[in-house]
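To keep things clear, I will list the structure first and then write my remarks on it.
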Amino acid sequence: MPEVPLVDTHVLPWDPSRFKMPWLDTDYWTDEEAVLARPYGLDDFDLATPGIAVEALVCLEVGVAPAYALLEARWLDALGQRDPRVQGVVAFAPMEYGEQARAYLEAVAAIGPRVKGVRRVLELEPDDFCLQPGFVRAARMLPQLGLSFDLAIKRWQLRSTIALVERCPETTFLLDHIGKPGIRDGVRAPWWDEIAALASCPNVACKLSGAVTEVDFKRWKEDDLVPYLERVLDVFGEDRVLFGGDWPVVLLAASYRRWVETVERVVGQLSASAREKLWRGNARRWYRLEPPAREARGEEET
């Protein structure tokens, strides 16, 4: 296990009995996928992470029906009121509404300081969806409200994502799931070069998350993932890569422990300082989380 307590930047509590989740309403789930079709709360997270020191969580929106999105954000914030590990919330936002998104973004930010950012999942949208003038306008509003933007895309959307990031140099972006390269099929181009181009933008960081569900759920090997994870570490550098567990979606292909162990082996060659940044330091900086209690009091570690 990591030598420091980790901060997980991608945790997805959900409750389909409380909020409508259209993507769970299907009769075509495989037996493996059906594991997701139930509520997952932080008690379940604890059961999935025995013996793993997790000191803080960033919880993200999970694709509820838009009518429930603001309620979901308040619910995630309320989780943090009960569990101090929840130090960050990333809420849904209708970015394509442009100037008309402002009132919604202000309402999200007003929930409280635990709300750190927003997300509008793009992977099912047309390639240039994020380059609509309204979307760009809304993305440029985010720094004024103290919010970052999580990028949930697939590899063929990297070109337009780079253009969005370049057009919003004051906005902080976090790439989820390393941009979902074609790991299952061993595809590297053009992701290999485009992820480097995205990394050349200083206002974007990348989560080591979601990679394990991009391969064959039952037959994947660590060697399938290593080139892609190492590429991210190489192009983003030690200050802009964060750990994300992608729980409970990770359960489609691996236990939480196996994913942590996989990342641990990949980053084992890094310096102790770089490993600490990946496991927790970068998360606290990019999501603007509070420092651990002892550090906040200025006490020395023992």
- Query: Can E72 be described as charged (D, E, K, R), outside any helix (DSSP H, G or I) and touching a strand residue (DSSP E or B) at 6+ places or on another chain (Cβ under 9 Å)?
  - Reply: no
- Query: Consider P113 against the criteria (1) under 20 Å from the mean Cα position of the chain (by Cα); (2) part of a loop (DSSP other than H, G, I, E, B); (3) modelled with pLDDT under 95: it satisfies all of them except one. Which criterion is unmet?
  - Reply: (3)
- Message: Can you say whether F149 is buried (at least 21 other Cβ atoms within 10 Å of the Cβ) and part of a strand (DSSP E or B), as far as the supplied structure shows?
- Response: yes
- Which of (1) at positive phi; (2) assigned to a loop (DSSP other than H, G, I, E, B) is the odd one out, the single condition G98 does not satisfy? (2)
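Yes or no, residue by residue, for (1) at pLDDT 95 or above; (2) under 20 Å from the mean Cα position of the chain (by Cα); (3) buried (at least 21 other Cβ atoms within 10 Å of the Cβ); (4) not small (G, A, S):
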residue: V235; (1), (2), (3), (4): yes, yes, no, yes
residue: R258; (1), (2), (3), (4): yes, yes, no, yes
residue: W286; (1), (2), (3), (4): yes, yes, yes, yes
residue: E301; (1), (2), (3), (4): no, no, no, yes
- Message: Can you tell me which residue is farthest from R265 (Cα to Cα) among those in the stretch 216-232 that are of a type in the set (A, V, I, L, M) and surrounded by 20 or more Cβ atoms within 10 Å (Cβ to Cβ)?
- Response: V232
- Query: Do we have any residue at all in the stretch 104-114 that's among the hydroxyl-bearing types (S, T, Y), touching a residue at least 12 places away in the same chain (Cβ under 8 Å) and closer than 16 Å to S148 by Cα?
  - Reply: yes
- Among the candidates L57, L71, L124, L47, which residue alone is over 23 Å from Q144 (Cβ atoms), in contact with a Phe, Trp or Tyr (Cβ under 9 Å, 6 or more places away or on another chain), surrounded by fewer than 13 Cβ atoms within 10 Å (Cβ to Cβ) and not hydroxyl-bearing (S, T, Y)? L71
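The values are calculated or read from the model by the stated rules, or taken from the named source; none is laboratory data. Source: prediction; values computed, not measured. Glycine also receives a Cβ, built like all others from the backbone with ideal geometry; neighbour counts cover every protein chain displayed.
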